[in-house]
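To start, the structure itself, in structure tokens.
Nothing in this text is a laboratory measurement; each read-out follows from the coordinates by a stated rule. What you see is a predicted model, and the numbers here were worked out from it, not measured in a lab. FYI the Cβ positions are ideal-geometry reconstructions off the backbone, even for glycines, and counts take in every protein chain you see.
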Protein chains: 2
Amino acid sequence: MSRLDLFINRMVSQRACLDHAATLVGDMPGPVFELGLGNGRTYHHLCSLFSHRDIYVFERAVASHPDSTPPEDRVVLGNVFETLPQALEQFGPTARLIHADLGGHNAEKNDVFAREISPAITPLLAPGGLMVSSDRMYFQDLEEMPLPEGAVPGRCFIYRR
Amino acid sequence: MSRLDLFINRMVSQRACLDHAATLVGDMPGPVFELGLGNGRTYHHLCSLFSHRDIYVFERAVASHPDSTPPEDRVVLGNVFETLPQALEQFGPTARLIHADLGGHNAEKNDVFAREISPAITPLLAPGGLMVSSDRMYFQDLEEMPLPEGAVPGRCFIYRR
């Protein structure tokens, strides 16, 4: 399996999981958090599923495509280890969906990062809120959900509080 | 249709066209030219279809994933408007496959680039050789081929000399 194959599986799974998540939490109140903006393709997709005013993007520095750049007041700039606890103070446990595709090239580093960031994510979710991630996360209190049709096992994960 | 949808269609179409091209020119002699390396995912896929010693990568500067970095003697560094004519002197009309995913964010600029670079690509192809591109190209003497199953019209193009 080539890196192109793996990448396609990851992108297709991400879309399938986000589409599925939107059907589950679309009617809930609460913000949507996108951890990492990158090129902004996934943010653009989230905007097709949710109101862009409900989506907050956590990123160190915005470098997205012009078509996929969030409004300034919906960007939380900084290191997620600092900005997520700040968001908890601001929003409380209200997020209906948190999405993260934080993974870089190094699978081992991604896994370390996932272990470290997991405890900062859990308290942000509303009861019934979902976390969709391209990496396996390490949550104590969240339930791992079955993947929707079209998602490839191991390429995306869904957790529910 | 979101930018994520468009991107998935482009990647899936690229893979379908390259897999199809490999069945058509896999037994031909001659080099394979990859125009633009980027992250190296597509180069990695080409390596699964062809011998990596047959693949020459044309790029300004190598910045690919470590798993997808070509051997130094298979990288042609520089501006393609200079390196493609040099390759014609070195290889003659021998390429069995040329792949390009040169497109940036700006569709208009991509189209101008495709018009400008097309005449430099044609003479490199062997008779029966194929060009697979994510952008519509402007060839005088190449035949546009039907897309294989799984490719999305407009997201990838196949041309034959």
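Taking every C-alpha pair closer than 8 Å and separated by at least 6 residues, the mean separation divided by the residue count of segment B:3-160 gives a relative contact order of 28 percent. Each Lys and Arg adds +1 at its Cβ and each Asp and Glu adds -1 at its Cβ; summed about the Cα centre, segment A:3-160 shows a dipole of about 260 debye.
Any chance you could check the Cα centroid distance between segment B:96-119 and segment A:1-55 for me, in angstrom? Going from one Cα centre to the other spans 29 Å.
Distance between the modelled labels on B:Asp19 and B:Met1, one decimal in nanometres: 2.0 nm (7 Å Cα→Cβ projection). The sum of -39500 (n - 2.57) across all DSSP H runs of n ≥ 4, divided by the residue count of the protein assembly as shown, sets its helix-only mean residue ellipticity at 222 nm to -12000 deg cm²/dmol.
When the convex hull of its Cα atoms is viewed from all sides, the protein assembly as shown shows a mean projected area of 16.8 nm². The trypsin sites (Lys or Arg not before Pro) of segment A:20-112 that meet both conditions, a loop assignment by DSSP and at most 14 other Cβ atoms within 10 Å of the site Cβ, are A:Arg60. Here A:Phe81, A:Phe50 are placed in order of increasing Cβ neighbour count within 10 Å, fewest first, which gives A:Phe81, A:Phe50. With the simple model of a label 7 Å out from the Cα in the direction of the Cβ, A:Asp141 to A:His52 spans 3.5 nm. Specify whether the C-alpha gyration tensor of chain B places it in the rounded, prolate or oblate class, a ≥ b ≥ c being the square roots of the eigenvalues: rounded for a/c under 1.5, otherwise prolate if a/b is larger than b/c and oblate if not. Cα axes put chain B in the rounded bin.
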